[in-house]
Amino acid sequence: MIYVDADACPVKAEAERVGTRHGLRVAFVSNGGLRPSQNPLVDTVIVPEGPDVADMWIAERAGPGDVVVTGDIPLAARCVEGGALVIKPNGETLDARNVGQALAVRDLMADLRAADPFRQGGGRAFSKADRSRFLDALERLVRKAKGAA
């Protein structure tokens with residue numbers, strides 16, 4: 001199964017394409033605003049409004065043999081802890097050896113932004129190279145997940 005943290009996810013179509021190619025179910029999880037897919041392998045899961053409700057829904061279900069697509073580092077850490085494979089929309093994979101560092105960097109950046117109200121943004125735009133890197137990395141992770149399942 002591929003779980004996609006679908007709110008503001010720029011690679012939903014790519015996740016659906018890879019999931020379909022491998023015959024895997026794909027769950028797009030969000031608070032709403034998604035157009036349902038006609039693909040019978042794709043589930044659109046609308047969770048109630050509230051902080052981190054979609055994240056909790058995914059974390060409670062994702063486990064060994066599953067792939068989670070998210071840019072949310074705390075969600076990624078919970079999914080890795082549960083045995084799922086995690087990939088960010090830019091193609092970066094998160095696992096037991098690097099998710100702790102990603103959490104630390106996230107927390108440090110949050111502290112820096114809180115200390116300096118003029119420090120905003122800093123991220124770069126999502127590129128075609130990011131999309132291509134994501135497709136390649138997701139293909140590898142799905143093959144790895146299928147081997148583990």
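List of remarks:
- Restricted to region 47-79, and to residues there that are among the small types (Gly, Ala, Ser) and under 19 Å from Pro10 (Cβ atoms), the residue that is surrounded by the most Cβ atoms within 10 Å (Cβ to Cβ) is Ala76.
- Considering only residues in region 32-46 that are surrounded by 15 or more Cβ atoms within 10 Å (Cβ to Cβ) and out of contact with any helix residue (DSSP H, G or I) (no Cβ under 6 Å at 6 or more places or on another chain), the one that is farthest from Thr70 (Cα to Cα) turns out to be Ser37.
- Candidates Gly91, Gly65 - the one that is in contact with a helix residue (DSSP H, G or I) (Cβ under 6 Å, 6 or more places away or on another chain), small (Gly, Ala, Ser) and under 18 Å from Phe134 (Cα atoms): Gly91
- Within region 120-134, one or more residues are of a type in the set (A, V, I, L, M, F, W, C) and modelled with pLDDT under 90.
- Matching residues, region 1-19, being within 16 Å of Lys144 (Cα to Cα) and part of a helix (DSSP H, G or I): Ala15, Val18, Gly19
The values are calculated or read from the model by the stated rules, or taken from the named source; none is laboratory data. Predicted model, so just to flag it, every value in this text is computed and none were measured. When we count neighbours, we look across all protein chains shown, and the Cβ atoms used for this are built from the backbone with ideal geometry, even at glycine.
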